[in-house]
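The values are calculated or read from the model by the stated rules, or taken from the named source; none is laboratory data. This structure is a prediction, so every number in the text was calculated from the model and none was measured. Cβ placement follows ideal geometry from the backbone for every residue including glycine, while neighbour counts extend to all protein chains displayed.
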Amino acid sequence: MRQPRTVSMPAAVQDPQTRANKTVVERIACWSVRHRRAAVLGWLVFVAAAFTVGQLLSGTSAQQYDAGQAGQGERMLDELKVVSAPAESVLIETRGQARALRGDAAAQVRRVTREVAGALAGLPRDARNIQAPYSRQAPYSRGGGAGVSADHLAALVTFQVAGPHARADSTVVADLLTVARIQAEHPGLIVREAGDASTDRVANAMLGHDFRKAEDTSIPLTLVLLLGVFGALVAAGIPVLLAGTAVAAAISLLAIPAQWFPVSSGTSEVVLVIGMAVGVDYSLFYLRREREERAAGHTRGAALRIAASTSGRAIVISGVTVMISLAGLFLSGLDIFTGISAGTIMVVGVTVLGSLTFLPALLSWLGPRADRGHLPWLGRCRTSARSSRLWAGLAQRVVRHPVAWGGIGVIALLALGAPALGMRLGSPAIDLPANLPVVRTLDQIQQQFPGQPAPAEVVLTGTHLQSRAVQQGIAALAARATPGGAIRGPVTSTVVAGGRGIVIHVPLAGDGSSRASYAALQMLRDRVLPATVGRATGVTYAVTGNTAAHRDMDAALHSRTPLVFVVVAGLALLVLMCAFRSIAIPLVSIGLNLLSVGAAYGLVTLIFQDGHLQGPLGFTSYGAIIPWVPLFSFVLLFGLSMDYHVFILSRIRELWSGGMSSTDAVVCGIGRSAGVVTSAAVIMVAVFSIFATLSGIDVKMLGIGLAAAVLIDATVVRGMILPAALAVLGERAWYLPSWLAWLPGERAPVRPGRPQPGRPGRPGRPQPGLVGSALASRAAPAADTAGS
């Protein structure tokens, strides 16, 4: 269908009032369209400059510390310039068939243990502080002893990886090869190594593989789904181009906040997935509205301006809400969240900037070429946006009986969220798949030598560390160790930093993250240390280590999570009040968000805590949920689910402001926004589902929770609960008290009277382009150039 031509008028003769009525978003879009070459090339230059900055600043990051007393101990070690060398253990154990010959098997274990210790000692640049039984320093004991099981059929050699801590995962390779050689020479025994450095090596390799998998999967998957949405290669590539360049720029620019905030190695993975999700969402909002207005008869320039004033405004509101939600992670006080928060805020901000500048300029530059590469088997209807009969019909039924339909939806989500009431928070001993050799070895070590994998580290500093009182305190601490007690032996101490500090290693009961380990840690901190080394004057101490880090992080999350919830919800309420000039709309949006988040929590609890779907999802349940996942999921979901709420509500408000009744605006708004919301939800669910295919159980939990919440938002909430709530509220949904009139935001235009009613039982249909024509009337004098 040929588009009607509109003769543009020079900027000098345009109505000054037209130019004054433009919003900031419209002005930015108009500038980008008028200077489209500069806007497109400027965006590409910005991405290239971000990459260059990232390369120049890469490799440096602020030190990350754990929460609470564990972080205090890490800071003390950092001030002493002491880096705890990664601890490794070598398990020597008889296999099942050799246990019948107890005497010969024990002798073989003893001989191979000495061989392992000697081989490690021959690697002075790779292993140090070797502790081995059956040596001259630890002679063979008939009753067993340190590093020897009670039946003498298992022994443990411990050592520390030498050299810089930053290169430990590479240095440990020589030790691993040595142990592997001895294992090959003694197939009748189990000779395996595991520890901090070897685990980090496996985890880093797995993380790199997962990041490449997420990167290689998300972009092609998104492109395939977009082909189904637009039916044209060029149009499908536009959202991928925007999202891909925004992610590349944000990941590169992470090097800047890394100078002040700790940025973990997993931040890029989260930024990639979040950036692809919001980038595609925002592009879809813009593209579909632009196509809808062109299908209604507007020129491309006018369609771009209408898209900027409607979808562009919704993108800004959504982006601000997402960034405010993500900023709530800073309130947690946990270093693990700072890098992720900074990175995700950055990628959302960059995506919003690209949506307001690069996207309209690119669409204007491409012109009709944006519809090239049409795939004929997908049908011509995909080149235009149409109202969905399915979703409009469902909304029409809901608004007729809002209490019944809304009640069904609310009850369904409450039932799905019910398992979350029994959610237990806890960390696995190691966040790696249980089928990995290093994990199996750690489990075997834990069974034979409880307490060995996770010793607590007591860091002492002061001016009189060599005093008799300190030495007596250390001796008294060591005397508290018993084989079956909360504190296990051997308790060892090391003088560090030229005598300015002492590090005491205290093995604890349990596996390092169990209740027994936490009880032992509490006993050590509250009772044992004050009664031993704490009696010495002028001495400061702190307990750190893996167990202390897990426990202190749990405590910090428990105390800070309510604050994050309240602040994020309060700020989102304020933003939405300004955006929609209403009290009821923000309250409804926040309530619906909490419902969908609660349902996602229940599903995650049902799957990961209760152990359902372990086979298909490839994980082993440990009976709890990783403590940081609920808080991080809430923050992400609270922001991301606002995408759909803001877009749908903006469309409903637009129709209501144009003269429709509130009920008709709900039905028509949901019908008209159904295509883009459904498409965006399918893509976002698909992208988040990639997390479920990765190796770590924490990212699996995050992926399932995010995908479930988005799916619930786009179906049950969008189709049933939201229209029911708006139908019950009626005209009151858009009410703002006069005492809140000072709030900033775009005021709704004066309604031009009642609309013409439609047929009985069907929404009143406004004249074609009722709202779009009102917006286009301002753009008409310069339709071909989108308004100067």
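Residue-by-condition table, conditions (1) at pLDDT 85 or above; (2) in a strand (DSSP E or B):
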{"residue": "Y140", "(1), (2)": "no, no"}
{"residue": "D151", "(1), (2)": "no, no"}
{"residue": "A155", "(1), (2)": "yes, yes"}
{"residue": "A168", "(1), (2)": "no, no"}
{"residue": "T171", "(1), (2)": "no, no"}
{"residue": "V179", "(1), (2)": "yes, no"}
{"residue": "S198", "(1), (2)": "yes, no"}
Residue within the stretch 577-600 that is within 23 Å of A555 (Cα to Cα), in a helix (DSSP H, G or I) and touching a residue at least 40 places away in the same chain (Cβ under 8 Å) present: yes
Condition check for L378: at pLDDT below 80, within 35 Å of the chain's Cα centre (by Cα), surrounded by 14 or more Cβ atoms within 10 Å (Cβ to Cβ) and not assigned by TED's automatic domain parsing to the domain that holds S673: yes
Which numbered condition S657 misses (of (1) more than 34 Å from the chain's Cα centre (by Cα); (2) surrounded by 24 or more Cβ atoms within 10 Å (Cβ to Cβ); (3) among the polar types (S, T, N, Q)): (2)
Enumeration of residues in the stretch 35-83 that are more than 30 Å from T540 (Cβ to Cβ), at pLDDT 90 or above and polar (S, T, N, Q): T52
Residues within the stretch 426-442 that are at pLDDT 85 or above and surrounded by fewer than 16 Cβ atoms within 10 Å (Cβ to Cβ), tallied: 2
Of all residues making up the stretch 23-65, the number that are over 30 Å from A303 (Cα atoms) and part of a helix (DSSP H, G or I): 10
The lone exception for P723 - which of (1) surrounded by fewer than 22 Cβ atoms within 10 Å (Cβ to Cβ); (2) modelled with pLDDT of 90 or more it fails: (1)
Odd one out for T492, checked against (1) within 23 Å of R551 (Cα to Cα); (2) crowded, with 21+ Cβ neighbours inside 10 Å: (2)
Failed item, numbered, when T540 is tested on (1) under 22 Å from the mean Cα position of the chain (by Cα); (2) among the hydroxyl-bearing types (S, T, Y); (3) outside any helix (DSSP H, G or I): (1)
Residues located in the stretch 465-483, provided they are in contact (Cβ under 8 Å) with a residue 12 or more places away in the chain and out of contact with any Ser or Thr (no Cβ under 9 Å at 6 or more places or on another chain): L465, Q466, V470, A481
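So that you can scan it fast, the table gives a plain yes or no per residue for (1) aliphatic (A, V, I, L, M); (2) under 30 Å from Q471 (Cβ atoms); (3) surrounded by fewer than 22 Cβ atoms within 10 Å (Cβ to Cβ); (4) not assigned by TED's automatic domain parsing to the domain that holds I697:
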| site | (1), (2), (3), (4) |
| --- | --- |
| T532 | no, yes, no, yes |
| L576 | yes, no, no, no |
| A579 | yes, no, no, no |
| N593 | no, no, no, no |
| S596 | no, no, no, no |
| L606 | yes, no, yes, no |
Meets criteria (in the same structural domain as L253 (by TED's automatic domain parsing), surrounded by fewer than 16 Cβ atoms within 10 Å (Cβ to Cβ) and at pLDDT 90 or above) for G417: no
From the options A520, A516, residue that is in contact with a helix residue (DSSP H, G or I) (Cβ under 9 Å, 6 or more places away or on another chain) and not in a strand (DSSP E or B): A520
